[in-house]
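To keep things clear, I will list the structure first and then write my remarks on it.
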Amino acid sequence: MADTTLPVIEGALLKVAGDRGFATARDRLEVMSPQCGFGELGTCCRICYMGPCRIDPFGNGPKTGVCGLTPDAMVARNLLRDTVGGTASHVGHARHVLLTLRDALNGKAPYQIKGVSKVMALAKTFGVPTEGREVNDICRDLVNIALEDFGRQDELPNNWMSKRAPAEEQALWSDLGLMYSNPHNEIETAMHATSMGNDADPLSLMLRVLKMSLIDGWTGLTLCVDLQDILFGVPEIAVTEAAVGVLEENSVNVAAHGHNPVLSEKILEWAEKLEGDAIAAGAERINVVGVCCTGNELSMRHGVKLAAHNSQTELILTTGAVDAMVVDIQCIWPQLAQVAKCFDTAFITTDAMVRIPDAIHIPFEPHHADESAREIVQKAIDAFRRRRGKPVDIPRHKSTAVAGLSVEAIVDLLAKLDAEDPLKPVIDNVANGNIFGFVGVVGCSSIKFRDNAMTEEMVKHLLRQNVLVLTTGCTAHICAQDGLMTSEATYRYCGDGLKAVLEVLGKAAGLDGPLPPVWHMGACVDNSRIVDLMVALAKRLGVKVGQLPAVGSAPELVQEKAVSIGGSFLALGVSCHIAPAPRILGGPMVTKLLTEDLQELTGAVVRVELEPKGAADWMIAHIAGKRAALGI
Ligand code: XCC
Ligand code: SF4
């Protein structure tokens, strides 16, 4: 029996949807099942019009595509295109934040620099002089360094990667030909290389996969998060709540969904400014709640409540209680507009790239951020006026959750134990086994894995073995909803060693009980925070990141972005558990490369485990191997 409350929340939401007559993603999946076997194995190519070509991995029928493409090259090309999709998404987000910061500095966009400490830290990293200079001037230099990365046509190493990534790993990447310069050029090259009649060598293609993933890691994630922290502030530990029960029947509920805080920060600001209008419309207040990664961004910096992860997005609309759902980019299901239409819900798209039939489109761009945000919040108040008095159905489940564990917040907390050497308490507890290791549980929520509570169950197995869990993205929502970001979870699930460490940390943090055992480190872009923490620990220990007793896990993979994030962990030498299987199994060489031979190249492997316990057991064994190699 699953030791988790999540299926309860999921079940309650599905019941609401069912009672109100809505088909959901689960129904659509059922109609579609079984899904295409060629697609699952990666041996379907539709890159040119002699195809589509399909190769039966059991040897029945054609052994290559019409052009002669082998199954290994086919799966490698497809995988590369997945990572291009993921990387392009994050790099696009990062560039948008960069241009917003530039415009804010030029007085053309209504945003201020809230993360002065981040500006100073980055100035140090990039060798930007600070003595006697205004923060905005220092910041302008940082912006120019970032802009250079997007403009250069030489082959000099990318600024952000070469200054932010650890040196020893860079030497390895350089040997493997994985260093990059301008991310845009590389995205172009990868699309070119995978088009008909180009790269057909599986090994060459797989190295491109790693290179593309590094671009995701250092430009898509690290640069993006660094600049977001400059604009919106470095997250600090905050207590919030999670699950659908955070919706309030008598308030104007505004669900902010998507990824880019450039939008959601303004929505939050205008929700506060227009509270009076909401009260005049008969509401108690404006209740901004967060969905998916936008939810994570808002909870990390403002303690905003977390309403739903990706596979619950259509379900929370069926409660009838969401007055507006405002979205920007990525992971926005087109179905949302159809569900919203059945209620008074204003479903509002804001980005020119995300147009959805039947949505209200209010263009949001940083230069006119205030006007647009005001209009959006007003639409929510109007929708509330129409909804007032109509029945809503809000399942009451929710849990408290501690969020905001940026690396800076963690180091500040540790400094209360050892001001001289903040990481020492962690290192000591890793050495004595109180902390057996670390797992970054990241990525999406998938309806394919929700019924067996894959993420929660896996996490609980890890905690029992004293593994500290760091999480981001929709898996962070899952953990928060299940109460895994509470002190009680420490008592209930952790092994004695981990419990003892978290008790000390909880006290230092001024909490009533121990620090929770699952650390909310943010949105998917904030996986760079997990990497930063690992890099800092490795540096302090004098080892490579790949030698740490640490593993990555994407237990409910959905998005291409999670594929490229996983690739960036692999390039750093951090092994990854993944479920479901990536679409490589039709290519025996590629499969062997990722599950075994990569060990020789970067020190990491990929492991597919579809059951929570099997996944946890493999990770614990892997961590044990790393510990043994370190002699601890
Ligand atoms: Fe999307 Fe980021 Fe995945 Fe959730 S975790 S389904 S990517 S919202 Ni990023
Ligand atoms: Fe088929 Fe080759 Fe064209 Fe792909 S590129 S569709 S394998 S002919």
Flagged in region 236-250 as over 13 Å from residue 316 (Cβ atoms) and buried (at least 19 other Cβ atoms within 10 Å of the Cβ), in numbering order, are 237, 240, 241
Within region 623-632, of all residues that are in a helix (DSSP H, G or I) and out of contact with any Phe, Trp or Tyr (no Cβ under 7 Å at 6 or more places or on another chain), the one nearest to residue 546 (Cα to Cα) is 626
| query | Does any residue of region 502-520 turn out to be buried (at least 19 other Cβ atoms within 10 Å of the Cβ), among the acidic types (Asp, Glu) and either farther than 18 Å from residue 557 by Cβ or within 16 Å of ligand 1 (Cβ to nearest atom) (or both)? | reply | no
The one condition residue 394 fails out of (1) among the β-branched types (Val, Ile, Thr); (2) open to solvent by 30 Å² or more (accessible area, probe 1.4 Å); (3) assigned by TED's automatic domain parsing to the domain that holds residue 612 is (3)
Of those in region 329-345 that are polar (S, T, N, Q) and outside any loop (DSSP other than H, G, I, E, B), the residue farthest from ligand 2 (Cβ to nearest atom) is 338
Filtering region 18-72 down to residues that are part of a helix (DSSP H, G or I), within 16 Å of ligand 2 (Cβ to nearest atom) and either hydrophobic (A, V, I, L, M, F, W, C) or surrounded by fewer than 16 Cβ atoms within 10 Å (Cβ to Cβ) (or both) yields 38, 39, 41
Residues in region 458-487 that are within 29 Å of residue 557 (Cβ to Cβ) and part of a helix (DSSP H, G or I) total 16
Only one of (1) assigned to a helix (DSSP H, G or I); (2) farther than 19 Å from residue 533 by Cα; (3) open to solvent by less than 20 Å² (accessible area, probe 1.4 Å); (4) in contact (Cβ under 8 Å) with a residue 40 or more places away in the chain does not apply to residue 446, and that is (1)
Expected output for region 56-79 (first residue among the β-branched types (Val, Ile, Thr), partner open to solvent by less than 40 Å² (accessible area, probe 1.4 Å), Cβ below 6 Å, 6+ apart or cross-chain) is 66/53; 75/42; 75/584; 75/586; 75/587; 75/590
(request) Return a yes/no flag: does region 382-398 have any residue that is outside any loop (DSSP other than H, G, I, E, B) and closer than 24 Å to residue 300 by Cβ. (result) no
If we keep only residues of region 591-606 that are under 16 Å from residue 550 (Cβ atoms) and touching a residue at least 12 places away in the same chain (Cβ under 8 Å), then the residue surrounded by the fewest Cβ atoms within 10 Å (Cβ to Cβ) is 605
Considering residues that are assigned to a helix (DSSP H, G or I), of a type in the set (S, T, N, Q) and touching a residue at least 60 places away in the same chain (Cβ under 8 Å), the number found within region 311-328 is 2
Of (1) away from ligand 1 (no atom under 16 Å from the Cβ); (2) assigned to a loop (DSSP other than H, G, I, E, B), residue 589 fails just (2)
field: Residue match in region 289-299 (condition: in contact with a Pro (Cβ under 6 Å, 6 or more places away or on another chain) and either closer than 24 Å to residue 8 by Cα or more than 11 Å from ligand 1 (Cβ to nearest atom) (or both))
entry: no
Taking region 163-191 and keeping only residues that are of a type in the set (Ser, Thr, Tyr) and open to solvent by less than 40 Å² (accessible area, probe 1.4 Å), one is left with 180, 181
Inside region 550-561, the number of residues satisfying the requirement of being farther than 30 Å from residue 63 by Cα and touching a strand residue (DSSP E or B) at 6+ places or on another chain (Cβ under 7 Å) is 6
Only one of 389, 483, 473 is over 23 Å from the mean Cα position of the chain (by Cα) and of a type in the set (Gly, Ala, Ser), namely 389
Log entry, pairs with first residue in region 346-366 being assigned to a loop (DSSP other than H, G, I, E, B), second being aromatic (Phe, Trp, Tyr) and open to solvent by less than 30 Å² (accessible area, probe 1.4 Å), beta carbons closer than 8 Å, six or more apart or on different chains, reads 350/364; 351/364; 356/347; 358/347; 359/347
Taking region 192-221 and keeping only residues that are of a type in the set (S, T, N, Q), open to solvent by less than 10 Å² (accessible area, probe 1.4 Å) and more than 16 Å from ligand 1 (Cβ to nearest atom), one is left with 194, 219
Of (1) on the phi < 0 side of the Ramachandran plot; (2) open to solvent by less than 10 Å² (accessible area, probe 1.4 Å); (3) within 14 Å of ligand 1 (Cβ to nearest atom); (4) not hydroxyl-bearing (Ser, Thr, Tyr), residue 473 fails just (1)
Condition set over 18 Å from residue 549 (Cβ atoms) and touching a residue at least 12 places away in the same chain (Cβ under 8 Å), scope region 608-622, selection least open to solvent (accessible area, probe 1.4 Å): answer is 612
Note on region 329-345: residues out of contact with any His (no Cβ under 9 Å at 6 or more places or on another chain), open to solvent by 10 Å² or more (accessible area, probe 1.4 Å) and in contact (Cβ under 8 Å) with a residue 24 or more places away in the chain are 333, 335, 342, 343, 344, 345
| query | Can you find even one residue in region 91-106 that is in a loop (DSSP other than H, G, I, E, B), out of contact with any Pro (no Cβ under 8 Å at 6 or more places or on another chain) and surrounded by fewer than 18 Cβ atoms within 10 Å (Cβ to Cβ)? | reply | yes
Exactly one of 371, 420 is at pLDDT 95 or above and not in a loop (DSSP other than H, G, I, E, B), and that one is 371
Per the list (1) open to solvent by 10 Å² or more (accessible area, probe 1.4 Å); (2) within 20 Å of residue 624 (Cα to Cα), residue check on residue 539 breaks on (2)
_Against the condition out of contact with any Ser or Thr (no Cβ under 9 Å at 6 or more places or on another chain) and under 22 Å from residue 541 (Cα atoms), how does residue 430 come out, does it pass?_
yes
With the condition kept exactly as written, say whether any residue in region 508-522 is part of a helix (DSSP H, G or I), over 26 Å from residue 617 (Cα atoms) and either out of contact with any Pro (no Cβ under 8 Å at 6 or more places or on another chain) or among the hydroxyl-bearing types (Ser, Thr, Tyr) (or both). yes
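The values are calculated or read from the model by the stated rules, or taken from the named source; none is laboratory data. For clarity, every value in this text was computed on a predicted model and none was experimentally measured. Using ideal geometry, Cβ is built from the backbone for each residue, glycine included, and neighbour counts are taken over all protein chains shown. Calculation scope for accessible area: heavy atoms of the full protein, side chains included, ligands and nucleic acids excluded. Shrake-Rupley method; radii C 1.70, N 1.55, O 1.52, S 1.80 Å.
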